[in-house]
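Novice: The structure is given below, and queries will be raised subsequently.
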Amino acid sequence: MLYIVPSPIGNLKDMSFRAVEVLKKVDLILAEDTRVSIKLLNHYAILKPLSPYHQHNEHQVLRHLTNQLIDGKQMALLTDAGTPGISDPAFLLVRECIRVGIPVECLPGPTAFVPALINSGIPANRFAFEGFLPQKKGRKTLLEKLALEDRTMIFYESPLRLTKTLADFIQYFGSSRKCCVSRELTKIYEENKRGTLEEVLVHFEAQAAKGEIVIVIDGADKI
């Protein structure tokens, strides 16, 4: 059995009882960054072997892990924060497990874009999750396409690239498009800055952002 286990996006109290129970019973925990996951595991007194599983080694270890699962091992997959597979590694291993007949179970739990979307004040009935924009190749083409998207759009971004990305959104979507930038969700210094793209850009040009960033943008007006 492979368990996909969501982890808190900030506040350690957001770990579910079931997630702790699963982590305590598996034979091996796969972690995106063992240094990050060990803090969570220590907090809940979970003493299990850890093995790295991230975007730089997921292809190399795939067969080794599936062979262990076929032999009867139970594993849990953790990322640094949120639900594995949402802008983090998981897809390759899940797909291979399904291909060879290994049961996969994904626990419900934290993911950053859901609270960001709900508290943005922007319509949440229809939305498109875009994750991280391409940094170079394909960025312009994608932004031109998304300029016509009439659903609410959700993006992840690093604090160092936030103002550049907001400026790009203004270029392609217009300065008056409504948006909300959420950072440090569930933590002490959580901030949700709402307004037009121009207003939010001015705010973060004057005050550099820190922490994990989610950007929610209103869709284009329906014609």
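Novice: Go through the stretch 85-117 and give me each residue that's within 26 Å of residue 73 (Cα to Cα), out of contact with any strand residue (DSSP E or B) (no Cβ under 8 Å at 6 or more places or on another chain) and free of Cβ contacts under 8 Å to residues at least 24 places away in the same chain.
Specialist: 91, 95, 99, 101
Novice: Which is of a type in the set (S, T, N, Q) and either under 20 Å from the mean Cα position of the chain (by Cα) or under 15 Å from residue 96 (Cα atoms) (or both), of 42, 57?
Specialist: Being of a type in the set (S, T, N, Q) and either under 20 Å from the mean Cα position of the chain (by Cα) or under 15 Å from residue 96 (Cα atoms) (or both) holds for just one of 42, 57, which is 57.
Novice: Only one of these is out of contact with any Pro (no Cβ under 9 Å at 6 or more places or on another chain), farther than 22 Å from residue 187 by Cα and assigned by TED's automatic domain parsing to the domain that holds residue 212: 172, 156. Name it.
Specialist: 172
Novice: Are any residues in the stretch 1-19 aromatic (Phe, Trp, Tyr) and surrounded by fewer than 19 Cβ atoms within 10 Å (Cβ to Cβ), and if so, which ones?
Specialist: 17
Novice: Checking residue 88 against (1) in contact with an Asp or Glu (Cβ under 7 Å, 6 or more places away or on another chain); (2) more than 29 Å from residue 57 (Cβ to Cβ); (3) in a loop (DSSP other than H, G, I, E, B): exactly one of these is not met. Which one?
Specialist: Among (1) in contact with an Asp or Glu (Cβ under 7 Å, 6 or more places away or on another chain); (2) more than 29 Å from residue 57 (Cβ to Cβ); (3) in a loop (DSSP other than H, G, I, E, B), the lone unmet condition for residue 88 is (2).
Novice: Starting from residues that are small (Gly, Ala, Ser) and surrounded by 17 or more Cβ atoms within 10 Å (Cβ to Cβ), keep the ones in the stretch 165-223 and report whichever is modelled with the lowest pLDDT.
Specialist: Filtering first and then ranking leaves 209.
Novice: Does residue 121 meet the test of being farther than 22 Å from residue 221 by Cβ, in a loop (DSSP other than H, G, I, E, B) and either out of contact with any Ser or Thr (no Cβ under 8 Å at 6 or more places or on another chain) or touching a residue at least 40 places away in the same chain (Cβ under 8 Å) (or both)?
Specialist: It is false that residue 121 is farther than 22 Å from residue 221 by Cβ, in a loop (DSSP other than H, G, I, E, B) and either out of contact with any Ser or Thr (no Cβ under 8 Å at 6 or more places or on another chain) or touching a residue at least 40 places away in the same chain (Cβ under 8 Å) (or both).
Novice: Determine which single condition residue 23 fails, assuming it passes every other condition in (1) in contact with an Asp or Glu (Cβ under 8 Å, 6 or more places away or on another chain); (2) under 22 Å from residue 92 (Cα atoms); (3) of a type outside the set (S, T, N, Q).
Specialist: (1)
Novice: Here's something else I'd like to know. When you look at residue 144, is it among the charged types (D, E, K, R) and part of a helix (DSSP H, G or I), yes or no?
Specialist: Here the answer is yes, as residue 144 does meet what is asked.
Novice: Taking residue 95 as the residue in question, decide whether it is assigned to a helix (DSSP H, G or I), under 23 Å from the mean Cα position of the chain (by Cα) and either acidic (Asp, Glu) or at pLDDT 95 or above (or both).
Specialist: yes
Novice: Taking the condition in the same structural domain as residue 62 (by TED's automatic domain parsing), crowded, with 18+ Cβ neighbours inside 10 Å and farther than 27 Å from residue 13 by Cβ, does residue 93 pass?
Specialist: Yes, satisfied.
Novice: While we're here: Can you say whether residue 38 is of a type in the set (A, V, I, L, M), assigned by TED's automatic domain parsing to the domain that holds residue 85 and either outside any helix (DSSP H, G or I) or loosely packed, with under 13 Cβ neighbours inside 10 Å (or both), as far as the supplied structure shows?
Specialist: It is false that residue 38 is of a type in the set (A, V, I, L, M), assigned by TED's automatic domain parsing to the domain that holds residue 85 and either outside any helix (DSSP H, G or I) or loosely packed, with under 13 Cβ neighbours inside 10 Å (or both).
Novice: Quick check on residue 87: is it touching a Phe, Trp or Tyr at 6+ places or on another chain (Cβ under 6 Å) and of a type in the set (Gly, Ala, Ser)?
Specialist: In short, yes.
Novice: Also, I was wondering about something else. Yes or no: the stretch 57-72 includes at least one residue that is under 20 Å from residue 132 (Cα atoms), touching a residue at least 12 places away in the same chain (Cβ under 8 Å) and out of contact with any helix residue (DSSP H, G or I) (no Cβ under 7 Å at 6 or more places or on another chain).
Specialist: For the stretch 57-72, residues under 20 Å from residue 132 (Cα atoms), touching a residue at least 12 places away in the same chain (Cβ under 8 Å) and out of contact with any helix residue (DSSP H, G or I) (no Cβ under 7 Å at 6 or more places or on another chain): absent.
The values are calculated or read from the model by the stated rules, or taken from the named source; none is laboratory data. Since the structure is predicted, the reported quantities are computational estimates derived from the model, not experimental observations. A quick note on method: Cβ atoms are made from the backbone with ideal geometry, for glycine too, and the neighbour counts reach across all protein chains shown.
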